[in-house]
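A.B. asks: Structure incoming, see below.
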Amino acid sequence: MKTWVQNHLNVGLIVGVLFVVLTYLLVSQQAGTAGSTRVVTTVAQWLADKQLNEGSSEEVASTDARQIQDKQLIQDPSETEAVTTKVMCSMEERLSDYCELDGDVRIRGRAWSVDIVPSSGSSSERRAWKIRPYSRRSATQVDLLNVTQLQGPDGAPACTVTYSKPAIIFALGGYTGNVFHDHADVLLPLFYLSRQYGREVQLLVINRVQPWWLGKYRLALRAMSRYDVVNLDGDTHVRCFRRVTVGLRLHKDFGIVPERVPGGLRLAMPDFTRFLREAYALPRGAAASPAREPHQRPRLMLIQRQPHRRFLNEKEIVRAAEEAGFEVVVTELRFDAAVDEQARLVNSFDAILGLHGAGMTNEVFLPPGGVLIQVVPLGKLDLMARVEYGEPAAEMGLKYLCYNITVQESSLLEALGPDDPAITDPDSVHRRGWAALYDIYLTKQDVRLDIARFSLTLAEAMDHLRSQ
């Protein structure tokens, strides 16, 4: 009798346990299907669903998580919803070629290919463009991207990574590595193209990318996009977007035309310099004024170049600037210096004095109301100096002063003699091309300023600061 009771109790216990498990599974299934019919089976899918459900495309903090997400296979957007296709490619502007693409856009970095895929059931005329994604089409050493509008979805590469945010494709190489071109050709156009997205944009870089360049300007790039820059060189993924800008466009050699900024933002150069001050945490937003701060002498940075285009009478120049009321510091800016450190250094000054060259680009870090004094060497270089540095300085809210040297102030007079064509006929050197111009006027020339004449420019700079 006891054995019979024990057997029935054991059976009852087993049945009870099975009932509880079955109830749990039914409730779990209902809870899982109430919000979505998608079954999550991998960590990668969970990451994707989490971002989708939160309505945010925040970058996953973990590097491992990013790698997992990068490897997932996601259904093609053309199979999930209709996509409106819009293609606009411009190859007629003075400086740049670019495309604006809306729709199902698929990027294959290794193939240097960007495809626009029509929605299922639709077709379009096949069209193709070759776009140099660098901002100056004259940079012929930058390869061409093949942008193709396909006739239909058949044969289109399958997406391996799909993004909800827009993208901008830009190239390095070209003239980058020179601080002027780093800012004029890349950072400035990236700034006014990305601003409309409020940092919700994916930057894609291509063309023999040098990691040191991305590291050097990481703070500025991070201020444009909250996501790591993706290097397309050799990239095996098919990266899919709904909106892509292919290539950067220049409004002018170094500047912004407010009416041409995408998104109707009407940005201008003061917006760019303010952006840089914020990116590099620069403290000064206004130059010193002796009228407001009579006990503080305005600070002047004299940029001394190495090994050519040097001021031969540096000590005399410093003395003249001090007599004009400046505190003067002579510096030789290094190419390998950290940008944020150099930016903070420049921002501590109220005026920059230097010979024409890439060092003048540091004007972007001067506080508004400051002064840029550009000394232009012999060789009819004043137009280039004004376009590259003078006009941008004025648009930034700086006082621009140009000092064109005379023949007597150039070392070329003694080196070549008064009858050399480089002295008597600079146009003949220009006709020989950039290499000859650079070699003679920008490599072999130093300057000895006429202090009495130059003192007038220093006085004008000080008058401007006093008027602030």
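The values are calculated or read from the model by the stated rules, or taken from the named source; none is laboratory data. Computed from a prediction, not measured in an experiment: that's the story for all the values here. Every residue, glycine among them, receives a Cβ derived from its backbone with ideal geometry; neighbour counts consider all protein chains shown. Surface areas here come from the heavy atoms of the whole protein model, side chains and all, with no ligands, DNA or RNA. Shrake-Rupley method; radii C 1.70, N 1.55, O 1.52, S 1.80 Å.
A.B. asks: Quick check on packing: order 234-244, 322-332 by the mean number of other C-beta atoms within 10 Å, highest mean leading.
C.D. replies: 234-244, 322-332
A.B. asks: Only Cα pairs under 8 Å and at least 6 apart count here; give the relative contact order of the range 349-468 as a rounded whole percent.
C.D. replies: Taking the mean separation of contacting Cα pairs over the length of the range 349-468, I get 24 percent.
A.B. asks: At 7 Å along Cα-to-Cβ for each site, give me the label-to-label distance between E93 and A128 in nm.
C.D. replies: Distance between the two pseudo-spin positions: 2.5 nm.
A.B. asks: Could I ask something else about it? For K380, list the aspartates and glutamates whose Cα falls under 19 Å from its own Cα; do not include residues on the same chain fewer than 8 positions away.
C.D. replies: Straight-distance partners of K380: D253, E388, E391, E409, E414, D419, D420, D425, D427, D439, D446, D450.
A.B. asks: Here is a further query. How would you order 335-343, 250-258, 187-195 from highest to lowest mean count of nearby Cβ atoms within 10 Å?
C.D. replies: 187-195, 250-258, 335-343
A.B. asks: While we're looking at this one, here's another question. Please report the projected area of the range 88-204's Cα convex hull averaged over all directions, in nm².
C.D. replies: Average of the hull's projected areas for the range 88-204 equals 8.1 nm².
A.B. asks: About its Cα centre, what dipole magnitude does the range 222-352 give when the only charges are +1 on Lys and Arg Cβ and -1 on Asp and Glu Cβ, stated in debye to the nearest 20?
C.D. replies: About 520 debye.
A.B. asks: Same structure again: Compute the length gained on full extension between E316 and D420: take 0.36 nm times their separation in residues and subtract their Cα-Cα distance, giving the result in nm to one decimal.
C.D. replies: 34.5 nm
A.B. asks: May I pose another question? Probe radius 1.4 Å, ligands and nucleic acids ignored: give me the carbon and sulfur share of the accessible area of the range 360-431 as a rounded percent.
C.D. replies: Carbon with sulfur: 51 percent of the solvent-accessible area.
A.B. asks: With the Cα gyration tensor of the range 346-447 in hand, convert its eigenvalues to equivalent ellipsoid semi-axes via √(5λ) and list them largest first in whole Å.
C.D. replies: Listed largest to smallest, the semi-axes of the range 346-447 are 28, 13, 10 Å.
A.B. asks: May I pose another question? With the crude spin-label approximation of a point 7 Å out along Cα→Cβ, what separation in nm comes out for D439 versus A223?
C.D. replies: 4.1
A.B. asks: Pick out, from L398, Y438, A452, the residue whose Cα sits farthest towards the positive end of the charge dipole of the range 384-456, with +1 on the Cβ of Lys and Arg and -1 on the Cβ of Asp and Glu.
C.D. replies: Sorting the options by dipole projection puts first L398.
A.B. asks: How much net charge surrounds D143 when only the other residues with a Cβ under 10 Å from the Cβ of D143 are counted, with Lys and Arg +1 and Asp and Glu -1?
C.D. replies: That sum, taken over residues with Cβ under 10 Å, equals +3.
A.B. asks: Please name which of I423, Y389, L412 has its Cα lying farthest along the dipole of the range 371-468 towards the positive end, using unit charges on Cβ (Lys, Arg +1; Asp, Glu -1) and the Cα centre as origin.
C.D. replies: The one lying farthest along the dipole's positive direction is Y389.
A.B. asks: What's the ranking of 266-275, 289-298 by average number of surrounding C-beta atoms within 10 Å, highest first?
C.D. replies: My ranking of the peptides, most packed first, is 266-275, 289-298.
A.B. asks: Further question: Taking the Cα centre of each part, how many Å lie between the range 190-255 and the range 395-468?
C.D. replies: Measuring centre to centre over Cα atoms gives 37 Å.
A.B. asks: Here's a follow-up. Identify all aspartates and glutamates with a Cα-Cα distance to K130 below 14 Å; exclude those on the same chain that are fewer than 8 residues away in sequence.
C.D. replies: E92, D97, E100, D115, D143
A.B. asks: Gap in Å between the Cα centre of the range 310-345 and the Cα centre of the range 277-291?
C.D. replies: Using only Cα atoms, the two centres lie 18 Å from each other.
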